[in-house]
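In what follows, a structure is listed as structure tokens, so that the remarks can point back to it.
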Amino acid sequence: MSHSLATEPLPKSGEYNSKITTAGVVGGFVLIIGLIVALLMSTPNPEANPRTLGFSLNAFFQWLGDMQPLVQIPIVVAVFAVVVGLILLLVEFAPRRGKVYFWIRLIATFAIPFIAFMLLRPYGNAILYVVAIALATGGLLFFADLRARQGSGYLFQLMLFMAPAAILLGIGLIYPAISTVVQSFFDKEGENFVWFENYQWVVTNPEGTWSIINTLIWALLAPTFATAIGLAYAVFIDRARGEKVLKVLVFMPVAISFVGAGIIWKFMYDVRQGEQIGLLNAIVTAFGGDPVSWLDARPIWNTLFLLVVFIWTQTGFAMVILSAAIKAVPTEQTEAAALDGANSWQRFTNVTVPGIRGSLIVVLTTITIMSLKVYDIVAVMTGGRADTTVLGFEMVNQQQRFQSYGHSSALAVVLFLFVLPLIIFNARQLTKQREIR
């Protein structure tokens, strides 16, 4: 035992320093998260008044709102310039050595989080938590910056660059996402914790069930047909005369909003007593048939008729992307395949399609994500009636019409789970393409 201990190499001092830094950073994060949780779990005092530094963001925006519009613009520009100037000033001083710059970094790391939290006007019973969170955040940043391998000032400079974007992402994306997930476990009013009852409603209630079924139909059929038709257009239009004019005509529906496309096709599907103004029913009655209520045809048929509208708007997008990809396929490969005796179809399937695989994946995943989020077409054409609802529409419907925030949040989480695999797949494909390049 003593021999093994004597021959075992001693760890280097750098390893100890790295472990201390890691332990300090992890401990700081745990402390900050604990303080935030304690703040959120604390019982609010209804009589507590907001505490400020004599100035707050709310007061600033109220004061700004009382100004004339032409006066507001230069004020906003001036405030923005001052904030950017301070950030750039700190960025410039951050990596410099010396006691003066050391104290500038030390003061900034504690002062910036404190001022930022106080500008949000915390209530009296939360002021201690706010001060503690600000001090912990500043201490963690200063400690990590002081022990950065690149030298003191590097991490502080990096954080200053990242802070504006990180704050906007946190407020506009991360916080709403977390809030939605939490809300999905509460009841309609958002007061009582109900575990998975909202998710049970999604898979058992007719509206929730049909929203999932129809969303899956949209996600499977819409990208398949839109991409296939767009690919066919790309191949044949590239060989036709008047290529530019034909591409403009096919691409025009892409420029139309989903609301506009829904209104156009609603007139085409229109059914009424007397003379038919809807194109489809005008054709049916012209041949002696009875008018058909296309958007009430169940099961599934009305959803397929709505899908036609979406495919019509996305085919031009697929055509443009795939046409550019086809033109990028080296002609030498096609000519070599022709010399080997391959016919047109074999050259297309064995040379062209593999050559545009990356573009096909982008088009398919992009249209799939758009089909999963569809709302406008359903809202304009059917309003979700006759079992045509989808997750995007039903999510908004439950929140606005029924004021059921729990059901709406659960539908939003389910929709996110549908989109997430596609986002991960796209990210991996982009990573692979970068590695190849």
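The values are calculated or read from the model by the stated rules, or taken from the named source; none is laboratory data. As the structure is a prediction and not an experimental result, all values here were calculated from the model. Note that we place each Cβ from the backbone using ideal geometry, even for glycine, and neighbour counts take in every protein chain shown. Note: accessible area is taken over every heavy atom of the protein model, side chains too, but ligands, DNA and RNA are not part of it. Shrake-Rupley method; radii C 1.70, N 1.55, O 1.52, S 1.80 Å.
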Any helix of the chain counts here only if DSSP assigns it H throughout, its Cα atoms span 20 Å or more along the axis, and its mean Kyte-Doolittle hydropathy is at least -0.5, and such helices are 13-41, 69-93, 99-118, 127-146, 154-169, 206-237, 301-328, 357-372, 405-436
Looking at the range 188-293, which trypsin sites (Lys or Arg not before Pro) are DSSP coil and have at most 13 other C-beta atoms within 10 Å of their C-beta? 239, 241, 272
Taking the Cα centre of each part, how many Å lie between the range 221-287 and the range 409-434? 30
Return the long-range amide H neighbours of residue 186 (sequence gap of 5 or more, or a different chain), with a cut-off of under 5 Å between placed amide H atoms. 194
Whole-number value, in Å³ per residue, for the convex hull of the alpha carbons of the range 197-277 is 152
With labels modelled as points extended 7 Å from the Cα through the Cβ direction, what inter-label distance (nm, one decimal) is found for residue 345 paired with residue 89? 7.4
So for the range 68-113, considering every pair of alpha-carbon atoms, how many percent are separated by more than 17 Å? 47
Probe 1.4 Å, heavy atoms of protein chains only: per residue, the accessible area of the range 310-426 in Å² is 45
CD proxy at 222 nm, helix term only [per DSSP H run n ≥ 4: -39500 (n - 2.57); per residue of the chain; nearest 500]: -23000 deg cm²/dmol
Charge tally for neighbours of residue 407 with beta carbon under 10 Å away, counting Lys, Arg as +1 and Asp, Glu as -1, is -3
Is the C-alpha gyration tensor of the chain telling us rounded, prolate or oblate? Criteria: a/c under 1.5 is rounded; beyond that, a/b larger than b/c is prolate, otherwise oblate. prolate
If I stretch the segment between residue 249 and residue 209 completely, what's the gain in nm (0.36 nm per residue apart, minus their alpha carbon distance), one decimal? 10.6 nm
Modelled FRET efficiency - R0 25 Å, residue 301 with residue 259, Cβ distances, 0.05 increments: 0.65
Given a 1.4 angstrom probe, I'd like the percentage of the accessible area of the range 278-437 that is carbon and sulfur, rounded to a whole number. 62
Only four residue types carry charge here, +1 at the Cβ of Lys and Arg and -1 at the Cβ of Asp and Glu. Report the dipole size of the chain about the Cα centre in Debye, rounded to the nearest 20. 1400
Cβ-defined net charge surrounding residue 418, 14 Å radius [Lys, Arg +1; Asp, Glu -1]: 0
Charge dipole of the chain about the Cα centre (unit charges at C-beta), most positive-ward option of 235, 287, 389: 235
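What fraction, in whole percent, of alpha-carbon pairs in the range 279-437 exceed 26 Å separation?
The answer is 51 percent, as a whole percent.
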What do you get for GluC sites (Glu not before Pro) in the range 154-260 restricted to DSSP loop and a cutoff of at most 11 other Cβ within 10 Å of the site's Cβ? 189, 191
For the range 135-256, what % of the accessible area comes from carbon and sulfur atoms, probe 1.4 Å? 72
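Give the longest segment of the chain that steers clear of chymotrypsin sites (Phe, Trp or Tyr not before Pro) in DSSP loops with at most 16 neighbouring Cβ atoms within 10 Å, not counting the sites themselves.
The longest uninterrupted stretch comes out as 56-194.
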Accessible surface, per residue, of the range 200-259 when the full set of protein chains is kept, probe 1.4 Å, Å²: 57
Lysine pairs in the chain 8 or more apart or on different chains: how many have alpha carbons under 24 angstrom apart? 5
Leaving out ligands and nucleic acids, note down the accessible area per residue over the range 13-119 with a 1.4 angstrom probe, in whole Å². 73
Find the centroid of the Cα atoms in the range 291-316 and in the range 160-183, then give the distance between the two in whole Å. 37
Top positive-direction residue, dipole computed over the chain with Cβ charges, set 367, 34, 83: 83
For the range 97-172, which trypsin sites (Lys or Arg not before Pro) are both in a DSSP coil and crowded by at most 11 other Cβ atoms within 10 Å? 97, 149
